[in-house]
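The values are calculated or read from the model by the stated rules, or taken from the named source; none is laboratory data. Only a predicted model underlies this, so the values are computations on that prediction, with no experimental measurement involved. Here the Cβ is made from the backbone with ideal geometry for all residues, glycine too, and neighbour counts use every protein chain on show.
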Amino acid sequence: MRGFLASSIGVTCAAALALPLTLPSSGARAETPAVQSQAGRSAESVAGSTQSLPLAPLGSDRSPGGGASGEQGLLQREVRPFSLVGVVWDDPDDELNGSVQVRTRATGTDNWSAWQAVETHNHEHAADPDAEERASGRVRGSTAPLWVGDSDGVEIRVRGEAEKRHGGEAARDRAIAGAPAGQALPEGLRVELVDPGAEPAPLAARPQGAQTAALTTESAAVLPALSRQETEADLAAARGPESAGKAKPYVGPRPRIITRKGWGANEKLREKKFAYTKTVKAAFVHHSASGNNYSCSQAGSVLRSIYRYHVKSSGWRDFGYNFAVDKCGNIYEGRAGGVAKPVLGAHTLGFNTNSTGIAVIGSYGSSNPPAAAVNAIARLTAWKLGLYGANPRGSTYLKSGGGNLYKKGRNVRLHVISGHRDGFATECPGIRLYKKLSKARSTSARLQGR
C-alpha cells in the first residue's frame, strides 16, 4: 500500500511563511508508458502515470455512428495499475447527462468490486468562463474523479438520458427542435485511469532552533502550526512599520499545513507561472466527490491522483482547489503560488476571483463529514480569511463571472464561508457537509477572537 508519510514529518520552526502580498496576475493527452509489473516500476512510473482509453458503443449502439446516445463503455479489461478513475470528453461546455458506473479489480487478485457510481457533473468545478485558463484550448469536460485503490482491471458503462438536473425544460427544447431525447452523451468520451506513483522520500525534520528565514513551501514538507501571538507578529512584520499602532488584527493562528512537497506534487505537471487575484473575501467549501474509501495514510496518493486528473486529463493549469482537508483533519496546500497569498483557483465556476476554495476529500451527500474535517475548515478559514480582514460569520459581495445561478457581472451577496452550492446549482459540497458550515463559521470567528 502506498503509505502517506508526510503527516509524520516534523518541521520545527518559529518563523512564518511570508504573508500576503498582492501580486500581478500571470496569465495533451495522457501518457501511456510501457507495461510494468507492480514490483518493478520505472522511474517514470514513480512520478505517476495516466492511461487514457476511448469508450465504444455498447449494446444496441454498436452500429457505426450509433454512439452519440444510449450507452458507451469498456468491457472488462486488464490494464496497468491505477488507483483513480474518471471520464473526460472533448468539449468542456457539454454536460454529460446520464450516469457513469465503474467496477474495478484489485491489483493481483480476481476480486472485482461492485458497480460504483461516478459523479457526472464536474464542470462547475472550473476556471471562470473568461479566464485565461479556460481559454487555453486544453480544457476538456470531465466527471468527478473516483478513488478506487490499487487496481489492474476495469469495466465501465456510460448511459445517456434526458436532461438530468434541469428538469423537463431542456428536454422540451430538444423535442421542439426535433432531437431525440436520448442524445445526451458528449463526443470523445474516454476513461482516465490514474496511477498516483510512489510516495515522496521522507524529509529530515528541521532541527530545533535552526535558521528559518528561508523557509518556504518549496523547502518544507510541513508548515508547522503557529500560536495566535506568533501569527499576529508575523502579519505585523509582513505589513511593515506602517502597521504600528493599528488595531490588533482578527486573525486565527496558522494551522499546520502539509505542503505540495509534503504530499508529493510533481511540479513539472503544472504551468510554471502563478495567477493571483486581488484579495480573499470568501471561502467556498467543496467535497472532492471522490468517495470515502480511503485511509488518511492514503491522502497524499489521493491528492496526487486528483492533481494529475485535473492537469493531464481535464486540461487545467494546476490542482483546482486552493486547499484540501482529509477525513482526519489534516490540511494540505492545493494550487501552487503561496498558501498565504490570494492564488486564483479553479473551484467555483463564476466566483474564483477574490475567493479561496477548500475541498474536503470524500463524498458527503449521504455520509456525515468527520468532526475533525469540519474543525479543520474552521481553523484554516480563521487564519486565511483573517489575513484579509474577513469575518467568517459575515457576508460579502462577489461579482459573478457567469454561471447557472447568477449572470455575469451581477454582484452577489454570499456568506464569507459559503458552500459551492451557494454560487452554483450543484449538490456540492454534499448536503451533510453543507449543514455543518454554520458550526464552521462560528468556530472560525471564535478562533479569530471575534
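Checked against (1) part of a loop (DSSP other than H, G, I, E, B); (2) among the charged types (D, E, K, R); (3) buried (at least 17 other Cβ atoms within 10 Å of the Cβ); (4) in contact with a Ser or Thr (Cβ under 9 Å, 6 or more places away or on another chain), K273 passes all but condition (3).
Comparison of Y321, Y307, Y364 shows that the only residue that is assigned to a helix (DSSP H, G or I) and surrounded by 24 or more Cβ atoms within 10 Å (Cβ to Cβ) is Y307.
Show the residue pairs meeting these rules: Cβ distance below 8 Å; 6+ apart or different chains; first residue within the stretch 269-283 and over 15 Å from T396 (Cα atoms); second residue small (G, A, S) and in a strand (DSSP E or B). Every condition considered, the pairs that remain are T277/S355. Looking across T277, T259, one residue alone is farther than 23 Å from G362 by Cα, out of contact with any helix residue (DSSP H, G or I) (no Cβ under 8 Å at 6 or more places or on another chain) and hydroxyl-bearing (S, T, Y). It is T277. In the stretch 290-304, of all residues being farther than 27 Å from L385 by Cβ and touching a helix residue (DSSP H, G or I) at 6+ places or on another chain (Cβ under 7 Å), the one that is surrounded by the fewest Cβ atoms within 10 Å (Cβ to Cβ) corresponds to Y294.
A single entry from W147, W115 fulfils the requirement of being more than 21 Å from the chain's Cα centre (by Cα) and at pLDDT 95 or above: W115. Would a scan of the stretch 276-289 turn up a residue that is farther than 22 Å from T426 by Cβ, in contact with a Gly (Cβ under 9 Å, 6 or more places away or on another chain), surrounded by fewer than 24 Cβ atoms within 10 Å (Cβ to Cβ) and charged (D, E, K, R)? So far as the stretch 276-289 goes, no, none of its residues is farther than 22 Å from T426 by Cβ, in contact with a Gly (Cβ under 9 Å, 6 or more places away or on another chain), surrounded by fewer than 24 Cβ atoms within 10 Å (Cβ to Cβ) and charged (D, E, K, R).
Taking the conditions (1) crowded, with 20+ Cβ neighbours inside 10 Å; (2) assigned to a loop (DSSP other than H, G, I, E, B) in turn, P129 satisfies each one other than (1).
None of G40, G59, G65 is surrounded by fewer than 15 Cβ atoms within 10 Å (Cβ to Cβ), at pLDDT 50 or above and outside the structural domain of L387 (by TED's automatic domain parsing) except G59. When K327, K341, K312 are checked against the criterion of being touching a Ser or Thr at 6+ places or on another chain (Cβ under 7 Å), surrounded by fewer than 23 Cβ atoms within 10 Å (Cβ to Cβ) and in the same structural domain as A376 (by TED's automatic domain parsing), K312 stands alone in meeting it.
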